[in-house]
1. Between Leu21 and Gln201, what FRET efficiency follows from the Cβ-Cβ distance if R0 is 30 Å, with the result rounded to 0.05?
2. What is the Cα convex hull volume of the chain when expressed per residue in Å³?
3. Would you please classify the overall shape of the stretch 87-148 from the alpha carbon gyration tensor, given that a ≥ b ≥ c denote the square roots of the eigenvalues, rounded means a/c under 1.5, and beyond that prolate means a/b larger than b/c while oblate covers the rest?
4. About the Cα centre of the chain, what is the dipole size in debye to 20, counting +1 per Lys and Arg Cβ and -1 per Asp and Glu Cβ, all else neutral?
5. With the other protein chains left in place, how much accessible area per residue, in square angstrom, belongs to the chain at a 1.4 angstrom probe?
6. Label the stretch 37-166 by shape, choosing from rounded, prolate and oblate, from the square roots a ≥ b ≥ c of the eigenvalues of the Cα gyration tensor; if a/c is under 1.5 it is rounded, and otherwise prolate applies when a/b is larger than b/c, oblate when it is not.
7. Could you please state how large a percent of the accessible area of the stretch 37-166 is carbon and sulfur, counting protein chains only and using a 1.4 Å probe?
8. Need one number: convex hull volume per residue for the stretch 158-266, Cα atoms only, in Å³.
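The values are calculated or read from the model by the stated rules, or taken from the named source; none is laboratory data. Here the structure is a predicted model, which is why all the values come from computation and not from measurement. Here Cβ is always computed from backbone atoms with ideal geometry, including for glycine, and neighbour counts include all displayed protein chains. All accessible areas refer to the heavy atoms of the entire protein, side chains included, with ligands and DNA or RNA removed. Shrake-Rupley method; radii C 1.70, N 1.55, O 1.52, S 1.80 Å.
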Amino acid sequence: QPSGLQPSMSPPPPPPTVDSLAGLRALLRGPSRSREYNSYSGKIHTLKWSSDGSRLATGSVDRVVNLFSLDSGRLSKDVTFKGHTGSVDQLCWNPRHPSLLATASSDKSLRLWDARTQHSVATLVLRGENINVTWSPNGECIAVGNKEDLVSFVDVKTRKVAREEQFKLEVNEVSWNCTGDAFFMTTGLGSVQVFSYPDMQLETTLQAHPTNCICLDFDRTGRYFATGAADALVTIWSATELAPLAASGRLEWPVRTISFSHDGQLLAAGSEDHFIDISHSATGEQVLQHATNNSSFTLAWHPRCYLLAYGADRDKYHDARDAACVKTFSVAVES
């Protein structure tokens, strides 16, 4: 870790939230604001908020990482990180230190960046083209998966690969649960494999979908996790019972990205459909269909409020100079 790095101070409590489905519908269908930021020359593959919500990072086929600061609901571009020689396919922030960012690229490298110094602090060359990355809840380990279905576990303190797990089935998204004692993996067989951590013993296999299970997200409150698949379905699960609670099938294309809101009340799902489906986590019922006029392959709710950021990919017939952009959708919650 960079010298002098201290854990972030506890942020002030979040604004009050709405519990009922009717209340959420009234809130999201009421006054709102949409904004658009920065054109890219290629598809935005990934975007994530820092753990304190002060920054948004994006990675794209352009091989760069763009960092934005959030102030009064508006994003402003801070810096562009350069160094990757392949597309930046996934990124994640350290959940304990909101200035530290990890990026995984098709160039076979994992890079660590410090948003305060605006420089790369470490580069690890791994054994394949990286397609997913996740940070453990305690901030001590980063898991990186590649196209050959090899998952490498990187010790953040030593910046070395501590162990590798080779799988015989297609590995898509990977994630720890909120407590960090279980490691989840979506597969090409439509299943979710659940391993105990750190010993990585297979505990159970959940047959989540009949087709390729693509994406996975955990609710910050620890109540839910959700999966999205090539069957265009989103399934919401109990994170404690590992049992399905609800499913929604309002998208027509494979579900590429999902994200829970800060309070776990809302779940957003994106695909090649030209809208984002926002559902009620407890029931799976639709709260809002947010029109985008674009495909959305990556999205993320802000960790403290109802502010949704997403990558909007232009249709192939649009001007290549305006190939993609970052958009935000927000609603206000009065104290």
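1. On the way: r = 39 Å, r/R0 = 1.30.
FRET efficiency, Leu21 to Gln201: 0.15.
2. Details: hull volume 42.0 nm³, N = 335.
Residue-normalised Cα hull volume stands at 125 Å³.
3. Working: a/c = 2.24, a/b = 1.43, b/c = 1.56.
It is oblate, given that a/c is not under 1.5 and a/b is not larger than b/c.
4. Values: 31 positive and 36 negative charges, 202 e Å.
The dipole of the chain has a size of about 960 debye.
5. Working: 14390 Å² over 335 residues.
Each residue of the chain exposes 43 Å² on average to a 1.4 Å probe.
6. On the way: a/c = 2.02, a/b = 1.36, b/c = 1.48.
Because a/c hits 1.5 or more and a/b fails to exceed b/c, the stretch 37-166 counts as oblate.
7. Working: 2230 of 5230 Å².
Accessible surface attributable to carbon and sulfur in the stretch 37-166 totals 43 percent.
8. Roughly 115 Å³ of hull volume per residue.
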